[in-house]
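Step one of this worksheet: look at the structure below.
The values are calculated or read from the model by the stated rules, or taken from the named source; none is laboratory data. Note that the structure is predicted; figures quoted are calculated from it, not measured. Every residue, glycine among them, receives a Cβ derived from its backbone with ideal geometry; neighbour counts consider all protein chains shown. All accessible areas refer to the heavy atoms of the entire protein, side chains included, with ligands and DNA or RNA removed. Shrake-Rupley method; radii C 1.70, N 1.55, O 1.52, S 1.80 Å.
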Amino acid sequence: MQLPRLAVVEDDHEFRDGVLVPVLAHSGFQADGMGSALELYRAMTSHHYGLVLLDAGLPDEDGFSIAAHLRGLSQTVGIVMLTGQVSASDRLRGLQAGVDAYLAKPTSMEVVVTTLLNLARRVAPSAGPVRGKWRLGEGGWRITAPNGVEISLTLAERQVMKLLAGKRGVPARREALIANLADNVHDFDPHRLEMLIYRLRKKCQQAAQEELPLRAIRGIGYVLTW
């Protein structure tokens, strides 16, 4: 079994780079270490992560919020929280945020590795970019919904959808989307992009009676999770 790519989000760089990443790499994972939520979100613009090992106490955003955000983006991503916050209420917060396993520090690396390996067996079929029944038609002028309904796109919608579909599940930056829409990005109001995305989602919802799997990544841009 090919193991899904793993994001290791831990702000203790000695523990992360000296223990977690080396041990996980030795266990067969392609493990990328990062020290903050922002680093994770930036990495997600270039890579698809099937697994995330997550600390609760991070400098810019707490792990519970990150877990909830990741779970909102994907029901298949495997999330393991490894933290010193070990009260019953903390565990409940983690579970409510959507984590698959909640491990208390300190714990043995054998437990961490085994937990991730077990979780990898569940997420492995979806470790690559998620492809569902939504499809962008040839030429990019229509979206076909799961029920077969075809939704015609405007030129601006087509430009946005072609870029997002070409990223294959990896978030596209707002700047890249805007550059695809305007010759001079400095004259383009970013709110126009948000309105375009809103109207596209609404159009698909009304036509197909199903939500288009187009999600916002805070501080980054947008991603198609089909």
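Which GluC sites (Glu not before Pro) does the stretch 49-149 hold that lie in a coil by DSSP with at most 11 other beta carbons within 10 Å? All intermediate terms of the calculation are to be shown ahead of the outcome.
Working: sites: Glu61, Glu110, Glu138; in loops: Glu61, Glu138.
For GluC sites (Glu not before Pro) across the stretch 49-149 that sit outside H, G, I, E and B with at most 11 neighbouring Cβ atoms in 10 Å, the list reads Glu138.
Calculate, for Ala176 and Gln206, the FRET efficiency according to 1/(1 + (r/R0)^6) with r their C-beta to C-beta distance and R0 35 Å; round to the nearest 0.05. Walk me through the intermediate numbers first.
Numbers: r = 28 Å, r/R0 = 0.79.
Efficiency, from the Cβ-Cβ distance: 0.80.
Note on Gln75 and Arg121: their simple-model spin labels are 2.2 nm apart, each label 7 Å out from Cα toward Cβ.
Once both labels are positioned 7 Å from their Cα atoms along Cα-to-Cβ, the gap between Thr144 and Ser46 label points is 3.5 nm. Straight-line cross-link partners of Lys133 among the lysines, defined as a Cα under 26 Å from its Cα and at least 8 positions apart when in the same chain: Lys162, Lys167, Lys202, Lys203. Rounded to the nearest 20 debye, the dipole magnitude of the stretch 1-111 is 400 debye, with +1 charges on Lys and Arg beta carbons, -1 on Asp and Glu beta carbons, and the Cα centre as origin.
Which FRET efficiency value, to the nearest 0.05, do you get for Ala25 and Leu92 by plugging their Cβ-Cβ distance into 1/(1 + (r/R0)^6) with R0 = 35 Å? Present the calculation step by step, with values, prior to reporting the outcome.
On the way: r = 32 Å, r/R0 = 0.92.
Taking R0 as 35 Å, the efficiency between Ala25 and Leu92 is 0.60.
Between the stretch 1-78 and the stretch 154-186, the C-alpha centres lie 26 angstrom from each other.
If only the Cβ of Lys and Arg carry +1 and only the Cβ of Asp and Glu carry -1, the dipole of the chain around its Cα centre is close to 1080 debye. Relative to the longest principal axis of the Cα atoms of the chain, the long axis of helix 63-73 lies at roughly 40 degrees.
With the Cα gyration tensor of the stretch 111-226 giving a ≥ b ≥ c as the square roots of its eigenvalues, does the rule (a/c under 1.5 for rounded; else a/b larger than b/c for prolate; else oblate) give rounded, prolate or oblate? Write down the numbers at each step before the final one.
Values: a/c = 2.45, a/b = 1.46, b/c = 1.68.
It is oblate, given that a/c is not under 1.5 and a/b is not larger than b/c.
Computed from the C-beta positions of Ala216 and Thr114, the FRET efficiency with R₀ = 41 Å rounds to 0.75. Accessible surface for Tyr49 stands near 20 Å², nearest 10, in the context of the full protein assembly shown (1.4 Å probe).
The shape of the stretch 21-129 comes out rounded: with a ≥ b ≥ c from the C-alpha gyration tensor, a/c is under 1.5.
For the chain, set up a GNM with springs between Cα atoms under 10 Å and report which of Ala207, Ala104, Ala88 has the largest fluctuation. Of Ala207, Ala104, Ala88, the most mobile in the Gaussian network model is Ala88. In this label model, Arg199 and Asn184 are separated by 2.2 nm, measuring between points 7 Å along each Cα→Cβ vector.
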